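Working notes, beginning with the structure itself.
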Amino acid sequence: MPDYERLAGTRVPRVLCIAGTDPSGGAGMLADTKTIAAMGGYGMGAVTAVTVQNTVGVTGVHPVPVDTVIAQLDAVADDVTIDAVKIGMLGEAGLVEAVGEWLRRRRPPHVVLDPVMVATTGGRLASEGAARMLRDLVPLADLVTPNVDELAVLCGGEPAEHIETIVGQAELVHEQTGCAVLATTGDLEDGSAEDVLVESEGNRRVTLRLPFIRVDTPHTHGTGCSLSSALATARVGTQDWEAAYRRVRPWIDGALHGGLTLDVGRGSGPLDHTWFLHR
């Protein structure tokens with residue numbers, strides 16, 4: 001049984017997610033809230049789009065009106081103290097701009113941007129205009145978590161094939177925006193098993209290559225959503241993004257392993273966000 005007297009003195013991180021839905025539960029808002037709970041936080045959410053998708057693919061995207069998205073955000077911020085914000089799917093350019101204005105107005109303590117452009121299953125989740133405007137949103141975030149293809153868009157280059165190129169592109173995005181960068185390399189063609197974190201300590205840039213053990217699994221649906229919302233939660237109460245990452249990495253590894261036996265869907269299945277309850 002939990003030690004309720006000890007837990008009573010623990011502050012639970014209150015994390016607001018800005019994301020689309022996934023009715024199959026592996027990505028988007030549902031993955032975010034499951035992740036936040038698994039990391040010990042309290043999840044909240046403003047829905048940006050209703051998608052029609054499953055583990056096989058995306059067949060429809062229906063944006064929520066921009067005014068409705070911002071009204072959801074203000075409703076939460078007017079009532080709840082927000083400790084961190086995770087931003088996921090922003091499918092239209094007008095929404096990217098409006099969320100940027102909201103961030104300037106509200107100034108939440110920790111903002112993690114997952115620059116969602118294409119789903120794991122291959123469906124496009126952001127218009128060309130939204131993808132271009134995401135670069136302008138990066139300076140308003142504290143951490144951005146691109147994969148190989150997303151990093152290329154953010155730095156205006158070609159998708160990297162080697163870890164050294166990833167390092168250079170991540171440093172360039174950090175230099176241009178001032179935002180910390182966690183470049184994930186799970187889909188890098190040279191098989192590298194190192195994520196790249198670039199952040200600043202005072203006036204000094206710090207670049208870290210963070211090794212991990214690859215999990216041989218086809219079930220990676222929603223990995224980016226889950227990683228970014230986990231980092232947003234873990235950053236509350238930790239000293240920097242490296243500390244948050246080192247807390248999150250064992251959980252994400254366990255979730256990937258757990259997805260091998262979860263048996264959800266016929267395609268790229270989801271992670272098991274509560275794998276530690278099933279051991």
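The values are calculated or read from the model by the stated rules, or taken from the named source; none is laboratory data. None of the values given here were measured: they were computed from a predicted structure. Note: ideal-geometry Cβ built from the backbone for every residue, glycine included; neighbour counts use all protein chains shown. Note: areas computed on protein heavy atoms with side chains; ligands, DNA, RNA excluded. Shrake-Rupley method; radii C 1.70, N 1.55, O 1.52, S 1.80 Å.
Asn203 versus (1) more than 17 Å from Val181 (Cβ to Cβ); (2) exposed (fewer than 15 other Cβ atoms within 10 Å of the Cβ); (3) touching a residue at least 40 places away in the same chain (Cβ under 8 Å): which is the lone unmet condition?
(3)
All but one of (1) without any contact (Cβ under 8 Å) to a residue 40 or more places away in the chain; (2) open to solvent by 30 Å² or more (accessible area, probe 1.4 Å) hold for Ala46; state the number of the condition that does not hold.
(2)
Select, from Ile18, Ile36, the only residue that is in a strand (DSSP E or B), modelled with pLDDT of 95 or more, open to solvent by less than 10 Å² (accessible area, probe 1.4 Å) and within 21 Å of Leu103 (Cβ to Cβ).
Ile18
For Gln176, all conditions in the list (1) within 24 Å of Gly88 (Cβ to Cβ); (2) surrounded by fewer than 17 Cβ atoms within 10 Å (Cβ to Cβ); (3) polar (S, T, N, Q); (4) touching a strand residue (DSSP E or B) at 6+ places or on another chain (Cβ under 7 Å) hold save one; what is the number of the exception?
(4)
Does Val80 satisfy being outside any helix (DSSP H, G or I), hydrophobic (A, V, I, L, M, F, W, C) and either in contact with a Ser or Thr (Cβ under 6 Å, 6 or more places away or on another chain) or open to solvent by 30 Å² or more (accessible area, probe 1.4 Å) (or both)? Reasoning before the result, please.
Numbers: outside any helix (DSSP H, G or I): yes; hydrophobic (A, V, I, L, M, F, W, C): yes; either in contact with a Ser or Thr (Cβ under 6 Å, 6 or more places away or on another chain) or open to solvent by 30 Å² or more (accessible area, probe 1.4 Å) (or both): yes.
Yes.
For the condition among the small types (Gly, Ala, Ser) and at pLDDT 90 or above, what is the one hit in Ala126, Ala131, Ala98, Ala93?
Ala98
List, please: which pairs have Cβ atoms under 8 Å, are six or more places apart or on different chains, and start with a residue in region 236-251 that is touching a residue at least 40 places away in the same chain (Cβ under 8 Å) and end with one that is among the small types (Gly, Ala, Ser) and open to solvent by 20 Å² or more (accessible area, probe 1.4 Å)?
Once the first residue is touching a residue at least 40 places away in the same chain (Cβ under 8 Å) and sits in region 236-251, its partners that are among the small types (Gly, Ala, Ser) and open to solvent by 20 Å² or more (accessible area, probe 1.4 Å) give Trp251/Ala38.
Of all residues in region 138-163, count the ones that are assigned to a helix (DSSP H, G or I), among the acidic types (Asp, Glu) and open to solvent by 30 Å² or more (accessible area, probe 1.4 Å).
Summing the residues that are assigned to a helix (DSSP H, G or I), among the acidic types (Asp, Glu) and open to solvent by 30 Å² or more (accessible area, probe 1.4 Å) in region 138-163 gives 1.
Can His257 be described as part of a helix (DSSP H, G or I) and either open to solvent by 20 Å² or more (accessible area, probe 1.4 Å) or touching an Asp or Glu at 6+ places or on another chain (Cβ under 7 Å) (or both)?
Values: part of a helix (DSSP H, G or I): yes; either open to solvent by 20 Å² or more (accessible area, probe 1.4 Å) or touching an Asp or Glu at 6+ places or on another chain (Cβ under 7 Å) (or both): yes.
Spelling it out, His257 is indeed part of a helix (DSSP H, G or I) and either open to solvent by 20 Å² or more (accessible area, probe 1.4 Å) or touching an Asp or Glu at 6+ places or on another chain (Cβ under 7 Å) (or both).
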